[in-house]
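The values are calculated or read from the model by the stated rules, or taken from the named source; none is laboratory data. Fair warning: this is a prediction, and the values are worked out from it, not measured in the lab. All Cβ positions, glycine included, derive from the backbone under ideal geometry; neighbour counts span all protein chains shown. Heads up: the accessible areas ignore ligands, DNA and RNA and are worked out on the full protein's heavy atoms, side chains in. Shrake-Rupley method; radii C 1.70, N 1.55, O 1.52, S 1.80 Å.
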Amino acid sequence: MRLGHRVTTGLTFLLWAGLTPGSAWTQTNPVPFVNQPLVPSAVAPGGPDFTLTVNGTGFFSGATVNWNGTPLATTFVSSSQLTATVPAANIVTAGSTLITVSNPAPGGGKSGPTTFEVRIPGASTLVLTAPLPPHGISPVDAAVADFNGDGKADLAFAVNGGSAYIYLGNGDGTFRSPLAFVVGVGGQH
């Protein structure tokens, strides 16, 4: 077999597989993961600019820390740590903020959110003004995330019997009345 024939056959295979020369070995960045706690875990409203340290996994050079979806000036420290400058304008009033990390392309993507609190020292982190799941139903698990994509922390309770209750956040640590869902059946009731 001639060398030219082997190269042509190899290129034909790569093109048949939908690849271009070199792309079969291109690394793609993973979706990053953010660990708790953030450092600091909370700040008082009306304070000065501060540095937020975000720990996690899968961070790549060029990763960005996002404050309610808005990118912050970010410094890559390592694949497990980033720092970001949070401007004083972001912490004027008390409330919950969603922190995410975005990795650059190729691949990359945005991490799941974690909550950061701007609160008066000693104040409760969450103020739940909506009732808990109906009387006699005990939550078996809870989660805080932005379930409806509005940039505000929401609260969910899973309960025995295949139901879940989601409290949509108002952005100030309070929540609306619960929405009940039947898990696995596909409907809200």
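Name every residue in the stretch 64-82 that is within 13 Å of the chain's Cα centre (by Cα) and modelled with pLDDT under 95, in order of residue number. Matches in the stretch 64-82: 68, 69. For the stretch 34-42, the count of residues that are modelled with pLDDT under 95, at positive phi, exposed (fewer than 15 other Cβ atoms within 10 Å of the Cβ) and not charged (D, E, K, R) is zero.
Looking only at the stretch 153-165, which residues are at pLDDT 75 or above and of a type outside the set (Val, Ile, Thr)? Matches in the stretch 153-165: 153, 154, 155, 156, 157, 158, 163, 164, 165. Selection of the stretch 36-60 for residues being in a loop (DSSP other than H, G, I, E, B) and without any contact (Cβ under 8 Å) to a residue 24 or more places away in the chain yields 37, 40.
Taken over the stretch 48-72, the criterion of being open to solvent by 40 Å² or more (accessible area, probe 1.4 Å) and over 23 Å from residue 107 (Cβ atoms) is satisfied by 48, 49, 51, 68.
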